[in-house]
Amino acid sequence: MALQSLLHIRSALNTLNPSQVRELTEKPVHVSLHANSEDAYKRMENFLLGELRPARRTESRELLTRGDAAPAGNAHLISVYDEAVSAPAGALVFRPDNPNHLVEKALVRYPQAGIVLARSFHPFRKPYVDRVIAKTARENVLFSMTTALPDVIPNIIELPWAVAEFASDSAFLTMNQVRMAFQIAAASDREVGYSEQKSEIAGIVASAFGWRALAKQAVGKIPFGGGLIGKAAVAYAGTKVMGLSLDRLYSVGYAHSRGERDRLYSEAYQHGRKVAFRILGQIRPDLAAKFGGLDPKEPNEASFSS
């Protein structure tokens, strides 16, 4: 079974091309700043360029201009206004007392530019990575649940790939985590690719067997289908812990300790159950009502240190 799972995972990874992520990082952004004083301009520039390594800071500075300027080529054009100047309705506004509000608004308004903004400007990195992790974890919950609910209509599935293309849950979940690893690396200004991230990918593949065993344990403990919540929660927790570990690795250069991973997994598992119940309520409200009262002894405290 382990060999068969590895073959499924290998087949799934063959469908994933890291160049797609690299292409997203190659489309530049052009950020046009608008202010009425030198100090205001410097505040915005220091916020965007702070904490970058020298080489990246030099490159990112080239993406900023003061006042109106035409972007080069097909760059994303993003205009940012200091709070002291008159801005068009709905414009992105920089507020020195709450600069992260600008980050959140920009990521919502320009989702296609998110990975470039994260790579180029440090304040965007953590919020963007958090979004990638949350999105991937939710996709894995949804996939885990829909494979157990064959009567769910395919066109409501919010997944980037068709369910039928994958021979096992392990294959899809692992591939989606590897895709997440590519995105986190790119946002963290790291090289992206199978050879560039071979140790991270090896860790993801190895961990797949850990959360696969936990998912089976959850399903086995709860009869009549109730274990699908536990299975989905394991998919959520395993994905979130992997994403947080990759973010930690790229941010500070070393991974979480075993105790930290276990704590993160336990917290993520509990949240994953809530996410799974919400999704189940959307796609199968009858089952959500049936299983909503369950309070099983699920493996939420199990170690996820593989």
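The values are calculated or read from the model by the stated rules, or taken from the named source; none is laboratory data. Here the structure is a predicted model, which is why all the values come from computation and not from measurement. Cβ coordinates were reconstructed from backbone atoms using ideal geometry, including for glycine residues, and neighbour counts include every protein chain displayed.
Per-structure values
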item: Among (1) closer than 28 Å to MET175 by Cα; (2) in contact (Cβ under 8 Å) with a residue 24 or more places away in the chain; (3) under 22 Å from the mean Cα position of the chain (by Cα), the one test that ALA106 misses; result: (1)
item: Condition check for TYR128: farther than 30 Å from LEU244 by Cα and either not assigned by TED's automatic domain parsing to the domain that holds LEU246 or not in a loop (DSSP other than H, G, I, E, B) (or both); result: no
item: Residue within the range 195-210 that is surrounded by fewer than 17 Cβ atoms within 10 Å (Cβ to Cβ), modelled with pLDDT of 90 or more and in contact with a helix residue (DSSP H, G or I) (Cβ under 9 Å, 6 or more places away or on another chain) present; result: yes
item: Only listed residue being under 30 Å from ALA232 (Cα atoms) and surrounded by fewer than 21 Cβ atoms within 10 Å (Cβ to Cβ), chosen from ASP68, ASP97, ASP130; result: ASP130
item: Conditions (1) modelled with pLDDT of 90 or more; (2) part of a loop (DSSP other than H, G, I, E, B): number failed by ARG179; result: (2)
